[in-house]
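*Asks:* This is the structure I want to talk about, given as structure tokens.
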Amino acid sequence: MFAKREIKWSYLVDLAWLPILTMTIWSSFVVGLHMLFDDYGYDFALSFQPIELLGITVALYLGFKNNQAYDRFWEGRIIWGGIVNYSRSWANGVLTFLHSPKGENKAVASSARVLVRRHIAWLYALTHHLRKQSHGSPQYPPTFHGLSKTRVTSGEWENVLKPFLSEEEYRELLGYSNIPAQLIRFQGRHLKEVLFEKEWLNPYHHAELTRILEEFYNLQGKCERIKNTPLPRQFANLSRTLVYLFCFLLPFGLVGITSEGLELFLTIPLSVLVGWAFVTAEQVGDLTEDPFENFVHDVPMSALTRTIEIDLCEMVEEPYIPEPIQPENGVLL
């Protein structure tokens, strides 16, 4: 996510250079054809009114598509806001509800610490689970400035879980495909042990902590729904087709308006400017519709995870508190 109000020029240039170059070549070609065949009585100019109507239609369609794309991003951010809030409630509930009438205070505190640290592991597991490449993930060249970092493989990110889990739990997790879901199950299993075997938790508090675990399942499921259900391609691809059609016809309409002398060459900059605006608007929608792909315009899950980790570590009085993640080149990951 862009952390500053101003976007770096390198990012804008990366978005703009290809449509600008394409429109410059195409509009120059149309102007050259018009000049060449005008001497023979052939007129390549088209009436601008139909092209204008097409432009209005494309603009309305782009507005609809970009609005839906932004809704997907904003829903993802709202979901992660819920994860932040429920994570704090989880840690507070664990530290408040667990108690021992038998004087086993150290054992209770250790158990509560395990429950909190396992939740931090869930946060990291969920972040990487959502950033894995899927069948609907967008594809961009490695040089594209919209990419924040290369995707990590499962063997790399699973090591992130080691500091927060026991060796037995870590090895057990490796056999599952959906690690975040299994971590929540581990939490439920731990609460069952605390309730029935240790008797450190009463049934009412157990029900409340179980409700929070259920909410974590709901929040994870909402993220997976956005991740695994891309914006319907009949909307996304049609908008791209309409934009390209409009940009193709635009120079033919402009040469009819600027058809005399030096004014004819105004077709080139005007075509470039208008075409760039439409193509860039279409690209912005494409870049915004997938909020969990580890791109510079996505929900900053790493930063949010670190924020929660800091809060929870302070609650359990960990000796080491990590530093917040700072923006890199104006981008918060």
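*Asks:* For a quick check of your reading of the model, give me the residue pairs whose first member lies in region 173-188 and is within 12 Å of Tyr217 (Cα to Cα), whose second is of a type outside the set (Val, Ile, Thr) and surrounded by fewer than 13 Cβ atoms within 10 Å (Cβ to Cβ), with beta-carbon atoms closer than 6 Å and at least 6 apart or on different chains.
*Replies:* Gln182/Tyr176
*Asks:* Residues to consider are Met301, Met315; find the one that is under 20 Å from Trp90 (Cβ atoms), buried (at least 21 other Cβ atoms within 10 Å of the Cβ) and of a type in the set (A, V, I, L, M, F, W, C).
*Replies:* The unique qualifying residue is Met301.
*Asks:* Which residues, counting only those in region 70-101, are of a type in the set (Gly, Ala, Ser) and touching a helix residue (DSSP H, G or I) at 6+ places or on another chain (Cβ under 8 Å)?
*Replies:* Once the filter is applied, which keeps residues that are of a type in the set (Gly, Ala, Ser) and touching a helix residue (DSSP H, G or I) at 6+ places or on another chain (Cβ under 8 Å), region 70-101 yields Gly76, Gly82, Ser87, Ser89, Ala91, Gly93, Ser100.
*Asks:* Now a separate question. Any residue that is part of a loop (DSSP other than H, G, I, E, B) and at positive phi - is there at least one of those in region 292-303?
*Replies:* There is at least one residue in region 292-303 that is part of a loop (DSSP other than H, G, I, E, B) and at positive phi.
*Asks:* Please name all residue pairs, on different chains or six or more residues apart, with Cβ atoms under 7 Å, provided the first residue is in region 1-12 and is in contact (Cβ under 8 Å) with a residue 40 or more places away in the chain and the second residue is among the aliphatic types (A, V, I, L, M) and part of a loop (DSSP other than H, G, I, E, B).
*Replies:* Met1/Val299; Met1/Leu332; Phe2/Val296; Ala3/Leu332
*Asks:* Report yes if Phe235 is closer than 30 Å to Asp43 by Cα and assigned to a helix (DSSP H, G or I), otherwise no.
*Replies:* Considered against the rule, which asks whether it is closer than 30 Å to Asp43 by Cα and assigned to a helix (DSSP H, G or I), Phe235 comes out as no.
Residues checked against (1) part of a helix (DSSP H, G or I); (2) within 23 Å of the chain's Cα centre (by Cα); (3) among the basic types (Lys, Arg); (4) modelled with pLDDT under 95:
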{"position": "Asn92", "(1), (2), (3), (4)": "yes, no, no, no"}
{"position": "Ala107", "(1), (2), (3), (4)": "yes, no, no, yes"}
{"position": "His119", "(1), (2), (3), (4)": "yes, yes, no, no"}
{"position": "Trp122", "(1), (2), (3), (4)": "yes, yes, no, no"}
{"position": "Ser134", "(1), (2), (3), (4)": "no, yes, no, yes"}
{"position": "Ser137", "(1), (2), (3), (4)": "no, yes, no, yes"}
{"position": "Glu168", "(1), (2), (3), (4)": "yes, no, no, yes"}
{"position": "Ser177", "(1), (2), (3), (4)": "no, yes, no, yes"}
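*Asks:* Give Leu46, Leu12, Leu18, Leu60 a once-over and let me know the one that is of a type in the set (A, V, I, L, M, F, W, C), within 18 Å of Arg240 (Cβ to Cβ) and in contact with a helix residue (DSSP H, G or I) (Cβ under 9 Å, 6 or more places away or on another chain).
*Replies:* Exactly one of Leu46, Leu12, Leu18, Leu60 is of a type in the set (A, V, I, L, M, F, W, C), within 18 Å of Arg240 (Cβ to Cβ) and in contact with a helix residue (DSSP H, G or I) (Cβ under 9 Å, 6 or more places away or on another chain), namely Leu18.
*Asks:* Something else now. Do we find a residue being touching a His at 6+ places or on another chain (Cβ under 8 Å), among the charged types (D, E, K, R) and not in a loop (DSSP other than H, G, I, E, B) anywhere in region 5-22?
*Replies:* There is at least one residue in region 5-22 that is touching a His at 6+ places or on another chain (Cβ under 8 Å), among the charged types (D, E, K, R) and not in a loop (DSSP other than H, G, I, E, B).
*Asks:* Which residues, counting only those in region 1-38, are closer than 17 Å to Glu263 by Cα and exposed (fewer than 15 other Cβ atoms within 10 Å of the Cβ)?
*Replies:* Phe29, Gly32, Met35, Leu36
*Asks:* Would you be able to say whether some residue in region 310-324 is farther than 21 Å from Lys4 by Cα, in contact with a Phe, Trp or Tyr (Cβ under 8 Å, 6 or more places away or on another chain) and at pLDDT 95 or above?
*Replies:* The answer is yes; a qualifying residue exists.
*Asks:* I've got another one for you. So, in region 23-44, how many residues would count as being in a loop (DSSP other than H, G, I, E, B) and at pLDDT 80 or above?
*Replies:* So the count comes out to 0.
*Asks:* Name every residue in region 244-279 that is surrounded by fewer than 20 Cβ atoms within 10 Å (Cβ to Cβ) and either more than 16 Å from Gly55 (Cα to Cα) or at pLDDT below 90 (or both), in order of residue number.
*Replies:* Gly256, Ile257, Thr258, Ser259, Glu260, Gly261, Leu262, Glu263, Leu264, Phe265, Leu266, Pro269
*Asks:* If you check Thr241, Thr280, Thr305, which single one turns out to be more than 24 Å from Val331 (Cβ to Cβ), β-branched (Val, Ile, Thr) and out of contact with any Lys or Arg (no Cβ under 8 Å at 6 or more places or on another chain)?
*Replies:* It is Thr241.
*Asks:* Please give the number of the condition Gly155 fails out of (1) part of a helix (DSSP H, G or I); (2) surrounded by 12 or more Cβ atoms within 10 Å (Cβ to Cβ); (3) at pLDDT below 90.
*Replies:* Against the list (1) part of a helix (DSSP H, G or I); (2) surrounded by 12 or more Cβ atoms within 10 Å (Cβ to Cβ); (3) at pLDDT below 90, Gly155 comes up short only on (2).
The values are calculated or read from the model by the stated rules, or taken from the named source; none is laboratory data. Since this is a predicted model, take the numbers as computed values, not measurements. No Cβ is skipped: glycine too gets one built from the backbone with ideal geometry, and neighbour counts run over all protein chains shown.
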